[in-house]
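Below: the structure, in structure tokens.
The values are calculated or read from the model by the stated rules, or taken from the named source; none is laboratory data. This structure is a prediction, so every number in the text was calculated from the model and none was measured. We place every Cβ from the backbone using ideal geometry, glycine too, and count neighbours over all the protein chains shown. Calculation scope for accessible area: heavy atoms of the full protein, side chains included, ligands and nucleic acids excluded. Shrake-Rupley method; radii C 1.70, N 1.55, O 1.52, S 1.80 Å.
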Amino acid sequence: MPTAAAAALVVAASGLLGGCSGSGRAPMSGRVTLVHTAMPLREPIWSTHVGRLLGVTSDGRIASVAVNGDRPGNTVLSAPLGDGGEQAVGENLAINPLDDSTVFIAQPRQDRIAELRIDGLRPIGSLPGGPAPDRLGLEAGAGILLAMPDNGASVAVIDLHRRRLLGVQPVEAGPDGGLEGAGRGHTIDFHVVGAGHVAHYKGHTMPADETGAVPVAAQAIAGDRAKSSKVYVATRDSDRLLALDTKRALKGMEVVGRAELGAPARYIGTDNTRVYAATEDSLVVLQANSFEGYPPDGAIPVVRTIDFRRKLERAARQAPLSGLAVGPEKIFLTLKGVPGVVSITKPNI
């Protein structure tokens with residue numbers, strides 16, 4: 001049975017940029033708050049179904065956190081999954097694109113992917129996950145779940161319609177690898193961040209074909225919400241953000257946009273019009289320009305840079321980031337070892 005933890009009130013709240021807030025008005029643009037939670041979280045995602053933030057805890061559970069309303073910080077915890085402990089579950093969560101009332105998390109020791117009902121965080125079943133699944137990805141349009149082990153050697157492709165494993169794609173991502181599935185379309189279609197390259201795989205059946213690659217070392221990736229062929233990557237050990245897309249001939253990949261963030265981005269998120277890149281100290285908001293493209297020099301327009309660190313209380317000022325989630329009105333950041341969520345209201349320009 002899930003357990004519930006008492007809520008903690010918002011302790012630090014300060015307006016950072018422009019605008020006033022009040023009853024009946026739109027949220028203040030760029031406003032930064034720290035919402036205390038029952039325990040630290042990592043890799044948060046936004047659940048539209050319950051209007052709450054979901055995240056993974058260090059003791060192998062899923063947490064559901066209220067970040068709006070009268071009880072910000074109210075935390076509901078699942079029971080420990082598997083045999084408990086941090087290694088009993090995978091790195092991140094994925095909400096079922098066929099039923100947004102359920103969420104997936106990998107169980108590496110069991111070669112399975114657990115499915116839980118978001119309301120109450122109760123397990124309701126599991127799926128085959130390929131070898132030692134750890135990081136999950138989604139192809140929302142195709143109803144496909146992706147799973148990569150922590151050694152980055154493969155990607156398992158799971159058909160959610162028939163709830164079966166379609167196959168396992170060998171890749172060369174390495175231990176720091178990552179993956180991003182296409183948001184639209186009806187085929188197997190995903191990108192892999194590897195050691196020194198970003199590769200694209202696509203096909204109607206398994207194994208999929210590698211259609212192109214760009215030789216760039218990346219540490220974070222996010223897909224464009226409107227254009228499934230386009231992804232954004234944060235380069236490793238530099239402050240560059242790159243937009244990658246399929247070439248006009250539909251074979252190969254190329255860099256179509258770039259921006260300098262002032263510091264390396266640790267996490268990237270997107271919505272329908274913008275890209276959100278989180279460095280250790282700032283949130284950089286950029287225009288996606290999904291269809292109109294970028295200027296001839298490829299510069300991705302920066303909307304605003306928000307320094308969130310200086311508005312946090314002392315315990316949260318030095319903690320490394322552990323995840324980013326994009327909500328309908330706010331961006332949420334989690335911090336390693338800190339029982340709280342940084343909430344940043346999206347800029348209104």
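Overview of values
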{"quantity": "MRE, 222 nm, helices only [DSSP H, n ≥ 4, -39500 (n - 2.57), over the chain, to nearest 500]", "calculated": "0 deg cm²/dmol"}
{"quantity": "Relative counts (whole %) of C-alpha pair distances in region 108-244, using bins that are 10 Å wide", "calculated": "13, 43, 33, 10, 1"}
{"quantity": "Candidates V255, V89, V67: whichever shows maximal mean-square fluctuation once the chain is modelled as a Gaussian network with Cα springs under 10 Å", "calculated": "V255"}
{"quantity": "Restricting region 223-300 to trypsin sites (Lys or Arg not before Pro) in coil, as DSSP defines it, with at most 14 other Cβ within 10 Å", "calculated": "K247, R248, K251"}
{"quantity": "Solvent exposure of the chain as accessible area per residue, Å², 1.4 Å probe", "calculated": "42 Å²"}
{"quantity": "Chymotrypsin sites (Phe, Trp or Tyr not before Pro) lying in DSSP loop within region 266-349, provided at most 11 other Cβ fall within 10 Å", "calculated": "F291"}
{"quantity": "Candidates A319, A38, A88, ranked by Gaussian network fluctuation over the chain, Cα under 10 Å, top entry", "calculated": "A319"}
{"quantity": "Within the accessible area of region 221-349 (1.4 Å probe), percent carbon and sulfur", "calculated": "47 percent"}
{"quantity": "Lys/Arg +1, Asp/Glu -1 at C-beta; the chain dipole; positive extreme among P207, I95, N272", "calculated": "N272"}
{"quantity": "Percentage of interatomic Cα-Cα distances in region 217-316 larger than 17 Å", "calculated": "49 percent"}
{"quantity": "Total charge dipole magnitude, region 227-342, about the Cα centre, Cβ charges on Lys, Arg, Asp, Glu only, Debye to nearest 20", "calculated": "200 debye"}
{"quantity": "In region 277-339, the trypsin sites (Lys or Arg not before Pro) that fall in loop regions by DSSP, at most 15 other Cβ within 10 Å", "calculated": "K336"}
{"quantity": "Rounded Å value of the spacing that divides the Cα centres of region 230-309 and region 122-144", "calculated": "27 Å"}
{"quantity": "Ordering of 114-121, 142-149, 94-101 by packing [mean C-beta count within 10 Å, highest first]", "calculated": "142-149, 114-121, 94-101"}
{"quantity": "Accessible surface ranking that places the most exposed of Y294, Y232 first, with a 1.4 angstrom probe", "calculated": "Y294, Y232"}
{"quantity": "Dimensionless Rg/Rh of the chain - Kirkwood Rh, Rg from C-alpha atoms", "calculated": "0.95"}
{"quantity": "Relative compactness, region 41-200, computed as alpha-carbon Rg over 2.2 N^0.38 Å", "calculated": "1.00"}
{"quantity": "Among T279, T48, T37, residue whose mean-square fluctuation peaks in a GNM of the chain (springs only between Cα atoms under 10 Å)", "calculated": "T48"}
{"quantity": "Nearest-20 debye value, the chain charge dipole, Cβ charges on Lys, Arg, Asp, Glu", "calculated": "780 debye"}
